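Enquirer: Next up is a structure, given as structure tokens.
The values are calculated or read from the model by the stated rules, or taken from the named source; none is laboratory data. As the structure is a computational prediction, the values presented were derived from the model and not from experiment. Cβ coordinates were reconstructed from backbone atoms using ideal geometry, including for glycine residues, and neighbour counts include every protein chain displayed. Just so you know, the surface numbers come from the protein's heavy atoms only, side chains and all, with ligands and any DNA or RNA stripped out. Shrake-Rupley method; radii C 1.70, N 1.55, O 1.52, S 1.80 Å.
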Amino acid sequence: MKKLLLVAATALLLASQVSDAQNRRRPDAPLPKWEGLAETPQMGWSSWNKFGTEINEKLIKETADQMVELGLVDAGYVYLNLDDGWHGERDEQGFVHEDKEKFPSGMKALADYLHSKGIKLGIYSDAGTNTCACYTGSLGHEYQDAYMYAQWGVDYLKYDWCYTNNVDPKGAYTLMRNALRKAGRPIFFSMCEWGSNKPWEWAAEVGHSWRTTGDITARFGGNSKQRGWGQSVLEIIEQNEPLRQYAGPGHWNDPDMLEVGNGMSVSEDRAHFTMWCMMAAPLILGNDITNMTPEALATVTNKEIIAIDQDPLGIQGLRLKKEGDLQYWFKPLENGDWAFCILNGGEEDRTIAIDWSALEVNDEFSSRSTDFATVNYDVKDLWNASAKPFTTLVKGKGKQRGQMVTSVATVTVNAHDVATFRLSPVPEKKK
Ligand code: GLA
């Protein structure tokens, strides 16, 4: 009996040792990214495009107040992201602190203020020794930094790629993903390595979005190679367009933040904003919210255009064809709908007769096709509320069975502008 008890006790001890070892994770063991934070592309505002490192508590609070006041939060712009320039010094133990002159009440108080208004706080750091504007980077402090962000109540981290000599990109971003998970607070992880290491091929498990291009500038066309710095809207579209199969709910291509309100014309702003929506891009405003023109506000709060970006299917739009300066884009939407956009990148206004039969889409990636030959779609002009609604197909009396007669639509697309429509299949009438 004694012997039997001894055997049983030993077995129990061994079993508990095994499960202890299973439960004890190595500190650097991979942890999953936070799920459920990016079912649709993120929307918000960031300080960088307009203010650079000139940010402070007063500006941020005023921006937050105006985001509520102007209805931007209600329209979906819920993140307020501090970009480069908020860092102060690290303490003796290596923990990071905010710049006390710029943010005298501290980051925690700022987060509380934003949260009380229904806004989420975003913050910025870098995988290297320094941020791009030379503040302290997170290299070697990843877990400490993630811990501090969680303590402050941060909801979003943009993680940049300056000063990363000899740093492995996949390793560095995975390390911060693990650290964010370990810190225990759900934090959106926005990767910003400019597409240098093709993150779309490996980062779906790592981040919620990844930059696909270099930095945007408030310029519609032209070539950055000739100009030196900053990429134009048209250049960025070219780079982001071929990457659509990598984007989807939880992991988005990020062609950089918006420049609406930063100096382009109203039509250029409209085209830029619409194309970001057609590409299911993050919508991060980059202008001065405290001093916004009615046109810029109307552009970024067009609900029907935002709905294209935020469509639950989460499919990045496709470019059906490019004819000179004209580009024809489609995006599959829920309930069999499609967004259809003609972008005029040229200097001349254009009037186009739409021939639907030449615009059939057969999208292998989403397994969605248009069917203008048999399905009648209602067509709604999303930038021109007074435009007469029309349909794609007229099955007129006396027409031979099966014969397709498309309604003739003539659309004018001004220079550096878009015409944008939502197509909704008309239910077949019961006979
Ligand atoms: C890089 C990023 C920008 C911005 C700056 C800040 O250039 O790509 O979006 O964050 O750094 O210094």
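Enquirer: Restricting to the stretch 291-320, count the residues that are in contact with a helix residue (DSSP H, G or I) (Cβ under 9 Å, 6 or more places away or on another chain), farther than 25 Å from residue 82 by Cβ and open to solvent by less than 10 Å² (accessible area, probe 1.4 Å).
Expert: 5
Enquirer: On the basis of being within 22 Å of residue 230 (Cα to Cα) and within 16 Å of the ligand (Cβ to nearest atom), does residue 48 make the cut? So that I can check it myself, show each step before the final result.
Expert: Details: within 22 Å of residue 230 (Cα to Cα): yes; within 16 Å of the ligand (Cβ to nearest atom): yes.
Yes; evaluated as a whole, the condition is true for this residue.
Enquirer: Where in the stretch 42-106 are there strands (runs of 3 or more DSSP E), lying fully within it, with 1 or more residues that are open to solvent by 40 Å² or more (accessible area, probe 1.4 Å) and not aromatic (Phe, Trp, Tyr)? Before you say what the answer is, go through the steps one by one.
Expert: Numbers: elements: 43-46, 79-81, 87-90, 96-98.
Correct list: 87-90, 96-98.
Enquirer: Continuing with this model, one more query. Among (1) over 31 Å from the mean Cα position of the chain (by Cα); (2) open to solvent by less than 80 Å² (accessible area, probe 1.4 Å); (3) modelled with pLDDT of 95 or more, which single condition is residue 351 missing?
Expert: It fails just one condition, (2).
Enquirer: Further, regarding this structure: Among (1) part of a loop (DSSP other than H, G, I, E, B); (2) in contact with an Asp or Glu (Cβ under 8 Å, 6 or more places away or on another chain), there is one condition residue 257 misses while meeting the rest; what is its number?
Expert: Evaluating residue 257 over (1) part of a loop (DSSP other than H, G, I, E, B); (2) in contact with an Asp or Glu (Cβ under 8 Å, 6 or more places away or on another chain) leaves (2) as the failure.
Enquirer: Just to be sure I understand, how many residues within the stretch 183-221 are closer than 30 Å to residue 417 by Cβ, open to solvent by 50 Å² or more (accessible area, probe 1.4 Å) and more than 12 Å from the ligand (Cβ to nearest atom)?
Expert: So the count comes out to 1.
Enquirer: Checking the conditions here, which among 65, 20 is among the acidic types (Asp, Glu) and at pLDDT 95 or above?
Expert: Numbers: 20 fails: at pLDDT 95 or above.
Result of the check over 65, 20: 65.
Enquirer: When only residues in the stretch 371-388 that are open to solvent by 50 Å² or more (accessible area, probe 1.4 Å) and within 21 Å of residue 414 (Cβ to Cβ) count, which is nearest to the chain's Cα centre (by Cα)? If you could, list the steps in order and put the result at the bottom.
Expert: Pass one, the stretch 371-388, residues open to solvent by 50 Å² or more (accessible area, probe 1.4 Å): 371, 374, 378, 380, 383-386, 388.
Restricting the remaining residues to those that are within 21 Å of residue 414 (Cβ to Cβ) gives 380, 383-386, 388.
Details: 380: 25, 383: 22, 384: 25, 385: 27, 386: 30, 388: 32 Å.
Filtering the stretch 371-388 for residues that are open to solvent by 50 Å² or more (accessible area, probe 1.4 Å) and within 21 Å of residue 414 (Cβ to Cβ), the one nearest to the chain's Cα centre (by Cα) comes out as 383.
Enquirer: Moving on to the next point. Residues that are charged (D, E, K, R) and out of contact with any Ser or Thr (no Cβ under 8 Å at 6 or more places or on another chain): list the helices (runs of 4 or more DSSP H) wholly contained in the stretch 263-312 that include at least 2 such residues. Break it down into steps so the answer makes sense when it comes.
Expert: On the way: elements: 266-278, 294-300, 303-309.
Because the criterion is at least 2 residues that are charged (D, E, K, R) and out of contact with any Ser or Thr (no Cβ under 8 Å at 6 or more places or on another chain), the helices (runs of 4 or more DSSP H) in the stretch 263-312 that meet it are 303-309.
Enquirer: Of the residues that make up the stretch 278-290, is at least one over 13 Å from the mean Cα position of the chain (by Cα) and open to solvent by 10 Å² or more (accessible area, probe 1.4 Å)?
Expert: Yes.
Enquirer: Follow-up question, since we're still on this one. Among the numbered conditions (1) under 26 Å from residue 269 (Cα atoms); (2) outside any loop (DSSP other than H, G, I, E, B), tell me where residue 378 comes up short.
Expert: (1)
Enquirer: A further question follows. Among the residues that make up the stretch 224-245, is at least one of them open to solvent by 20 Å² or more (accessible area, probe 1.4 Å), touching a helix residue (DSSP H, G or I) at 6+ places or on another chain (Cβ under 6 Å) and touching a residue at least 40 places away in the same chain (Cβ under 8 Å)?
Expert: no
Enquirer: Now, a different point. Of everything in the stretch 41-74, what is touching a Phe, Trp or Tyr at 6+ places or on another chain (Cβ under 9 Å), among the small types (Gly, Ala, Ser) and in contact (Cβ under 8 Å) with a residue 40 or more places away in the chain? Give them in sequence order.
Expert: 44, 46, 64
Enquirer: State the number of residues belonging to the stretch 166-182 that are within 16 Å of the ligand (Cβ to nearest atom) and hydroxyl-bearing (Ser, Thr, Tyr).
Expert: In the first step, residues of the stretch 166-182 are kept if they are within 16 Å of the ligand (Cβ to nearest atom); the result is 167, 169, 172-173, 176.
This time we only want the ones that are hydroxyl-bearing (Ser, Thr, Tyr), so: 173.
Matching residues across the stretch 166-182 total 1.
Enquirer: Answer yes or no as to whether residue 163 is of a type outside the set (D, E, K, R), modelled with pLDDT of 95 or more and either within 14 Å of the ligand (Cβ to nearest atom) or under 24 Å from the mean Cα position of the chain (by Cα) (or both).
Expert: Working: of a type outside the set (D, E, K, R): yes; modelled with pLDDT of 95 or more: yes; either within 14 Å of the ligand (Cβ to nearest atom) or under 24 Å from the mean Cα position of the chain (by Cα) (or both): yes.
Yes.
Enquirer: Next question, about the same structure. Please enumerate the residues belonging to the stretch 123-141 that are near the ligand (Cβ under 10 Å from one of its atoms), of a type in the set (Ser, Thr, Tyr) and open to solvent by 10 Å² or more (accessible area, probe 1.4 Å).
Expert: 135
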